[in-house]
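A.B. asks: So that we are looking at the same thing, I have put the structure below in structure tokens.
The values are calculated or read from the model by the stated rules, or taken from the named source; none is laboratory data. These numbers come from a predicted model, not from an experiment. Note that we place each Cβ from the backbone using ideal geometry, even for glycine, and neighbour counts take in every protein chain shown. These accessible areas exclude ligands, DNA and RNA; they are computed on the full protein's heavy atoms, side chains included. Shrake-Rupley method; radii C 1.70, N 1.55, O 1.52, S 1.80 Å.
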Number of protein chains: 2
Amino acid sequence: MKNLLKTSLLAAATLLVATSVAAQQLKPEEMIQTRQAGYKTMAWNMGKIKAQVEGPADKFDKTLTANAALVVKAVANSGMGSLFVAGTDKAIGDIKTRVKPELFDPANKEELGKIVGNFVQQANKLAEVAAGGDQKATLAQFGEMGKACKACHDKFRIDEKK
Amino acid sequence: MKNLLKTSLLAAATLLVATSVAAQQLKPEEMIQTRQAGYKTMAWNMGKIKAQVEGPADKFDKTLTANAALVVKAVANSGMGSLFVAGTDKAIGDIKTRVKPELFDPANKEELGKIVGNFVQQANKLAEVAAGGDQKATLAQFGEMGKACKACHDKFRIDEKK
């Protein structure tokens, strides 16, 4: 009886903690939408950088480019991984996702970690190089960033239906 | 005739510039989706900050909070205003928007400018304060940031249907 009470108190305490954490947590469908928003925000800014680094040198907008790179860096460092949890591996109602189930496979954890680590590293470097204001150097690092994005897309994202 | 040629050349040059700019531009429906992604990305990070600054002091995660604030700052400084152009003031097919037509009214330009200016300023300050790692100071500035967001929501965003 004493043990039962102890177990019940523990269960209640666990529930309390769980509720407290849940208050900050998103529903699985919100996680899918939130991570898609993050990637779209990065893609928009990558698009702005692309137009700048591939455009004419006399039209190169350093400030716009550096600010766009800061968005990519900030979002890359914002814990996007926390939005990929069990239950977000496939569509929920109307909320679709292009993630492959392979991303959630523990067998791929090491490879995923390497891909994500490189992604964050290249994003940090992109912001650093872009802050320098040199168009050619930024173009080169933009290429590295693109490769880092693509590494994950190739492995863990379902191709878009044309 | 000379004037006509001059006008034609000018028109051609203008077209060229317009085309060149268009290459970096998004369709109106993509602009709506992109700005929504930007706001959702900021809201997600504001939610993370809220949970941290309102949570217990011994659980305060400085790094997570500072990184989340950097996302808000970076997106706030990324030229979101460029995504509010003529033709994006109402739904396009399935792509809905909660923006009020008043945002596009030149009569509101000055007020909009003040709201946006304050929003960027408070976002910059939030990142600065959060980088300091003090929970109470960050809570206070989080409140100011929330007010800056709300100022625009109250004036230029349609209330969500419950």
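A.B. asks: Which residues, counting only those in the stretch B:132-143, are surrounded by fewer than 16 Cβ atoms within 10 Å (Cβ to Cβ) and part of a helix (DSSP H, G or I)?
C.D. replies: Of everything in the stretch B:132-143, those that are surrounded by fewer than 16 Cβ atoms within 10 Å (Cβ to Cβ) and part of a helix (DSSP H, G or I) turn out to be B:Gly132, B:Lys136, B:Ala137, B:Ala140, B:Gly143.
A.B. asks: On to the next question. Tally time: how many residues in the stretch B:116-131 are of a type in the set (A, V, I, L, M, F, W, C) and crowded, with 19+ Cβ neighbours inside 10 Å?
C.D. replies: First, pick out the residues of the stretch B:116-131 that are of a type in the set (A, V, I, L, M, F, W, C): B:116, B:119-120, B:123, B:126-127, B:129-131.
From the residues that got through so far, the ones that are crowded, with 19+ Cβ neighbours inside 10 Å too are B:119, B:123, B:126-127, B:129-130.
Matching residues across the stretch B:116-131 total 6.
A.B. asks: Same structure again: For the stretch B:50-91, enumerate the residues that are among the β-branched types (Val, Ile, Thr) and without any contact (Cβ under 8 Å) to a residue 60 or more places away in the chain.
C.D. replies: Let us first name the residues in the stretch B:50-91 that are among the β-branched types (Val, Ile, Thr), namely B:53, B:63, B:65, B:71-72, B:75, B:85, B:88.
Correct list: B:Thr63, B:Val71, B:Val75, B:Val85.
A.B. asks: Output the residues belonging to the stretch A:71-97 that are at the interface with chain B (Cβ under 10 Å from one of its Cβ atoms) and not in a helix (DSSP H, G or I).
C.D. replies: Within the stretch A:71-97, A:Asn77, A:Ser78, A:Gly79 qualify.
A.B. asks: How many residues does the stretch A:42-54 contain that are under 19 Å from the mean Cα position of the chain (by Cα), among the small types (Gly, Ala, Ser) and at the interface with chain B (Cβ under 8 Å from one of its Cβ atoms)?
C.D. replies: 1
A.B. asks: Further, regarding this structure: Might you let me know whether the stretch A:101-123 holds any residue that is within 21 Å of B:Ala76 (Cβ to Cβ) and under 17 Å from the mean Cα position of the chain (by Cα)? Don't jump to the end; show me each part of the working.
C.D. replies: Narrowing the stretch A:101-123 to residues within 21 Å of B:Ala76 (Cβ to Cβ): A:123.
Filter once more, so that each one left must be under 17 Å from the mean Cα position of the chain (by Cα): A:123.
Yes, there is a match, as at least one residue in the stretch A:101-123 is within 21 Å of B:Ala76 (Cβ to Cβ) and under 17 Å from the mean Cα position of the chain (by Cα).
A.B. asks: Residues B:Ala107, B:Ala68, B:Ala57: which one is aliphatic (A, V, I, L, M) and within 9 Å of chain A (Cβ to nearest Cβ)?
C.D. replies: Numbers: B:Ala107 fails: within 9 Å of chain A (Cβ to nearest Cβ); B:Ala57 fails: within 9 Å of chain A (Cβ to nearest Cβ).
It is B:Ala68.
A.B. asks: Hey, can you tell me all the residues within the stretch B:73-86 that are open to solvent by less than 40 Å² (accessible area, probe 1.4 Å) and either out of contact with any helix residue (DSSP H, G or I) (no Cβ under 8 Å at 6 or more places or on another chain) or not hydroxyl-bearing (Ser, Thr, Tyr) (or both)?
C.D. replies: Kept after step one, since they are open to solvent by less than 40 Å² (accessible area, probe 1.4 Å), are these residues of the stretch B:73-86: B:74-76, B:78-80, B:83.
Of everything in the stretch B:73-86, those that are open to solvent by less than 40 Å² (accessible area, probe 1.4 Å) and either out of contact with any helix residue (DSSP H, G or I) (no Cβ under 8 Å at 6 or more places or on another chain) or not hydroxyl-bearing (Ser, Thr, Tyr) (or both) turn out to be B:Ala74, B:Val75, B:Ala76, B:Gly79, B:Met80, B:Leu83.
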